[in-house]
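Taking it in order: structure first as structure tokens, then the write-up.
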Amino acid sequence: MIIGRFLDLAAARYPDKSAIVSGDRKFTYTQLREWVQRLMTGFSKLGVRKGDRICTLMENCSEQIEIYLAAARLGAVFTPLNFRLKETELLHIIQDARPSVLVTDENFEETAWHIAPNLAKRRGLFSTSASPRDGFHAYESLVGDSVPFSGSPDLTAEDPCQILYTSGTTGQPKGVVLTHENVVWNTINMLQARGDRPEDVALIVGPLFHAAALNSHYTSRLALGATSIIMSKFDPVELMEVIQNERVTVVSGTPTMFIMLMESCAAGQYDTSSVTTLTSGADKLADSTKKAILEYFPGAGGIYDVYGCTECSPCVTTLDKRDSLRKTGSVGRPLPFVEVKLLDDEGQPVPAGEPGEIVVRGPVVMKGYYGRPEETAKVLKHGWLYTGDVAWADEEGFLYVVDRKKDIIVSGGENIFAREVEEHLLTHPSVLKAAVFGLPDPKWGEKVAAAVVLKQGQSPDKKDLLKHLRGRISNYKMPKEVFFLDQLPEGSTGKVQKQVLRETYTAEA
């Protein structure tokens, strides 16, 4: 199965159903398929061939979905760029990917122009703006009077369909090569885990340059022939209005998004009775936040908590919504067609209750890092992906992620898992967010530090927080430094960038 077949099947089953709603741009499945076929002709006229990369630099919009599907059906490789990156970072990615086509919107035309000299084909620079600046072709001209593509590209499930660049939190961004097979199996896993339905109306608010929004939230709805509502960016009030007005059934987000929603809107302020499915990912979701958000969406009956990584297309485990409050801190059990082991530093399985590195095997695991065979070999060993994440499993097989291997704090020879300290800090009634990390210490090697964001109107000091932690964690795990911030540094997916905190406070020290 290749991704393009999902569109064919949906158009055959539900020709007149709404496929995409994105601002003023709306398509039924029949209309979407025809538009994508014409876009394929436009790309083909440009000389785009199997294996060529097609990049986008834009906020969420229907055009991004159209380009994704046209590229996948043509055999090209969809490579969406993170618009939150700096120009120098984007330049690195463009030089690495060497795309044939770059499509941007009016917000990022200037940035696109600066990185465009590195395109493999200079004539492949397009903008969705109604009046593109000099040097850009109009996106609509790619379709224009083109007839629907009539060719039949020679594609297999093993061919690449996406290159998604990692956030770069552990160095320069790397291009994760995902095949049609990877994405299809991720889709099958998530449909089974969440019980998705063709009649769903899913709100896609996470950035489409990220594997979660693109694969787990959009592609799975495409496979079912469900309706996807694309939000250009997250706005709490607009999100709640869309849910109420469009009778949305599925809402997916990050802990940060849910916290911001609760800060801006009151429970019961909007009609959310249509919502039956909530999912969260990218970072830990505190139990207090889970309980609070369920007051906003009482019909959901719980929250699906997902763990994964881009290299796994991205999903590895899911905590069923029925267990969302029973299994505190868990990310659930492995998905149906994924094998997971927890290994110690010698590569041996650890017993229940003991932490080990998460290693994954299955059809969702990436083909490799684009153009980086040595870095691929470091993480793909004997068919297993070594994620660098550490977790322990309980007797029922539920996983509890405790940290990344590189984020374990070693103080006085003792391993301290930052996530454990964070979870206890989040139980303090005044704490909104917390990030724990290690700082150099001349005596102990490292000391525990915590960056904390307080809830509005709250003002506890370091002494109050440490008093709250006493009796909950061992003394050697107690933070020696506490920094109060207005906000934590976060990446594009909502993950806290601890390396920024480490660098900032190490420099200050």
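The values are calculated or read from the model by the stated rules, or taken from the named source; none is laboratory data. What you see is a predicted model; the values in this text were computed from it and never measured. So basically every Cβ, Gly included, is an ideal-geometry build from the backbone, and we count neighbours across all protein chains shown.
A compact table of results
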quantity	calculated
Candidates 232, 216, 220, filtered to the one that is within 17 Å of the chain's Cα centre (by Cα), under 24 Å from residue 324 (Cβ atoms) and touching a residue at least 40 places away in the same chain (Cβ under 8 Å)	216
Counted residues, the range 95-108 - those being aliphatic (A, V, I, L, M) and closer than 19 Å to residue 207 by Cα	2
For residue 156: the one exception among (1) closer than 19 Å to residue 81 by Cβ; (2) of a type in the set (Ser, Thr, Tyr); (3) surrounded by fewer than 18 Cβ atoms within 10 Å (Cβ to Cβ)	(1)
Scope the range 325-361; condition buried (at least 20 other Cβ atoms within 10 Å of the Cβ) and polar (S, T, N, Q); matching residues	330
Selected residue (only one of 395, 375, 357, 346 is out of contact with any Asp or Glu (no Cβ under 9 Å at 6 or more places or on another chain) and closer than 26 Å to residue 193 by Cα)	395
For residue 282: the one exception among (1) farther than 22 Å from residue 185 by Cα; (2) out of contact with any strand residue (DSSP E or B) (no Cβ under 7 Å at 6 or more places or on another chain)	(1)
Residues of the range 111-142 classified as surrounded by fewer than 20 Cβ atoms within 10 Å (Cβ to Cβ) and in a helix (DSSP H, G or I), total	10
Count of residues meeting criterion [over 27 Å from residue 162 (Cα atoms) and in contact with a Phe, Trp or Tyr (Cβ under 8 Å, 6 or more places away or on another chain)] in the range 344-366	6
Failed condition for residue 48, given (1) assigned to a loop (DSSP other than H, G, I, E, B); (2) surrounded by fewer than 18 Cβ atoms within 10 Å (Cβ to Cβ)	(2)
Residues of the range 476-509 satisfying the condition of being part of a helix (DSSP H, G or I), at pLDDT below 85 and out of contact with any strand residue (DSSP E or B) (no Cβ under 8 Å at 6 or more places or on another chain)	499, 507, 508
Filtered residues of the range 407-429 (kept if small (Gly, Ala, Ser) and surrounded by 18 or more Cβ atoms within 10 Å (Cβ to Cβ))	411, 418
In the range 57-70, residue surrounded by the most Cβ atoms within 10 Å (Cβ to Cβ) [restricted to those that are of a type in the set (A, V, I, L, M, F, W, C) and closer than 19 Å to residue 176 by Cβ]	67
Number of positions in the range 279-296 that are more than 17 Å from residue 307 (Cβ to Cβ) and either surrounded by 20 or more Cβ atoms within 10 Å (Cβ to Cβ) or of a type in the set (A, V, I, L, M) (or both)	4
Checklist (1) out of contact with any strand residue (DSSP E or B) (no Cβ under 8 Å at 6 or more places or on another chain); (2) modelled with pLDDT of 95 or more applied to residue 4, failing item	(2)
Pairs where the first residue, in the range 36-51, is among the hydrophobic types (A, V, I, L, M, F, W, C) and the second is part of a loop (DSSP other than H, G, I, E, B), C-beta under 6 Å, 6+ apart	40/149; 48/76; 48/100
Criterion violated by residue 214 - all others in (1) outside any helix (DSSP H, G or I); (2) surrounded by 24 or more Cβ atoms within 10 Å (Cβ to Cβ) satisfied	(1)
Unique residue being crowded, with 22+ Cβ neighbours inside 10 Å and either touching a helix residue (DSSP H, G or I) at 6+ places or on another chain (Cβ under 9 Å) or of a type in the set (Phe, Trp, Tyr) (or both) when the list is 73, 98, 13, 25	73
So residue 405, is it basic (Lys, Arg), within 18 Å of residue 166 (Cα to Cα), at pLDDT 90 or above and touching a strand residue (DSSP E or B) at 6+ places or on another chain (Cβ under 6 Å)	no
Members of the range 129-149 found to be farther than 18 Å from residue 63 by Cβ and free of Cβ contacts under 8 Å to residues at least 12 places away in the same chain, listed by number	134, 145
